[in-house]
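First comes the structure, then the notes that go with it.
Quick note: the coordinates plus some simple rules give every number you see, no bench work behind them. This is a predicted model, so every value here is computed, not measured. Using ideal geometry, Cβ is built from the backbone for each residue, glycine included, and neighbour counts are taken over all protein chains shown.
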Amino acid sequence: MDKASTVLSYLQSRIRILALFAVFALLFAAVFFLYALPWEPWWYGMLLCLWIGFIFMIRDFLAFSRRHLVLQALKSSIAAALPALPRPKGLLEEDYQELLTLLFQDKSKQALLAERRRRELAEYYTMWAHQIKTPIAAMRLVLQTKEDEDSRELLPELFKIEQYVEMVLQYLRVESPTTDFVLRRHSLDSIVRQAVQRYASLFVRQQIRLDFQELDCTVLTDEKWLAFVIGQVLSNALKYTKEGTISIYLEDRKGKILVIEDTGIGISSEDLPRVFEQGFTGYTGRMEKKATGIGLYLSKKILDKLSHTIRIESEAGKGTKVKIGLDTADTIDSYQNVRLGGEV
């Protein structure tokens, strides 16, 4: 709030006092007029009152302004803790401060309860995700021992179940305040090959051609989390590409921009700005009935935490380009000069 706004706010808060002074001045003027008294004493008294009132208002405004600045400064810290409030001026201010204290205590209690419930829920789903991996592994083993058509049909569906379970785990981890990001320099080629190898069977089954160009560069990143993001992008590319090619290459070696391009059905222009929103599936997802609206949302959150970037270029019916910028994490190396994860 600027000075003009502060002055205006002060005058508005003192409008009743000013109005009362004006009423008293008019009453004295009426008495002097009715009794035909000389006006000189009235003018002298008014000037004295105005001078004393002006000095009082200056002092009062300075106190009002200081109090306002103190309260403004408290805004930045009151969310975490209730700071020492200014001494109340009067019974009403004391009542307001007591109400504020009670509300803050209740808010802290509710926040603790919400955090406890969130932690319990996260622990439950983490346990569930780990436990369900055992029957999934058993089913995969059984299906791999059979060489019939049913087994070949069921294996891709089982792979999708594994993907969804992993997505649950990563969702819980990325939302946790204690997420373990370990930044080291890694070969980008090695990380991408891990993700491609995992989806190799789907490339073969769907008869999608892979155009993979060697990625001769290193990046400062977390290998596990970046591999998950690349996996999500590849999963989407395979999901929405009926035929054609998925290409993986570096658009800018110096800027380290990884591009994953497909010849799939693409994304409509009205849906493109919202693809990273949680739960958003868009027209393509609704038509295909395959989208969860979680994969790209998770990918964006993970890349933000790694100080990477992600951008999507697409047009309906003409394929999609996903561009992952991997050079921004180098600012940690350049400016902080710290040792991250044992190697920088």
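Which percent of the Cα-Cα distances in the stretch 3-76 go past 14 Å?
Here the tail beyond 14 Å accounts for 70 percent of pairs.
Only bridges whose two residues both fall in the chain count here: according to DSSP, what percent of them are antiparallel, nearest 5?
Taking every DSSP beta bridge within the chain, about 85 percent pair in antiparallel fashion.
Cα centroid distance between the stretch 135-209 and the stretch 1-79, in Å?
So the two Cα centres are separated by 74 Å.
Among the lysines, select those whose C-alpha is under 23 Å from the C-alpha of Lys109, and discard any that sit fewer than 8 residues away in the same chain.
Counting by Cα, and skipping residues close in sequence, Lys109 has these lysines nearby: Lys75.
Based on alpha-carbon positions alone, could you give the equivalent ellipsoid semi-axes of the stretch 1-136 from the gyration tensor, as √(5λ), descending, whole Å?
Gyration-tensor ellipsoid for the stretch 1-136: 62, 14, 12 Å.
Measure off 7 Å from each Cα along the Cα-to-Cβ vector at Tyr125 and Glu98, then give the distance between these two points in nanometres to one decimal.
4.3 nm
Work out which helices of the chain, taken as complete DSSP H runs, extend at least 20 Å along their axis over the Cα atoms and score a mean Kyte-Doolittle of 1.0 or more, then list them.
Qualifying helices: 15-34.
Rg over Rh of the chain, using C-alpha atoms and the Kirkwood radius, what does it come to?
When Rh is taken as the Kirkwood radius, the ratio is 1.27.
Extension gain Gln213-Ala138, at 0.36 nm per residue separation less the Cα-Cα distance, in nm?
23.4 nm
Take the cross-link list Lys300/Lys321; Lys224/Lys301; Lys160/Lys300; Lys256/Lys300; Lys224/Lys321 and give me the ones stretching past 19 Å between alpha-carbons.
Pairs exceeding the cut-off: Lys160/Lys300; Lys224/Lys321.
Determine which aspartates and glutamates satisfy two conditions relative to Lys146: a Cα distance under 19 Å, and not lying fewer than 8 residues away in the same chain.
Of all the aspartates and glutamates, those that pass the test against Lys146 - Cα under 19 Å, at least 8 places apart if same chain - are Glu157.
With springs only between Cα atoms under 10 Å apart, run a GNM on the chain and tell me which of Gln163, Gln72, Gln197 wobbles the most.
Sorting by GNM fluctuation, first place goes to Gln72.
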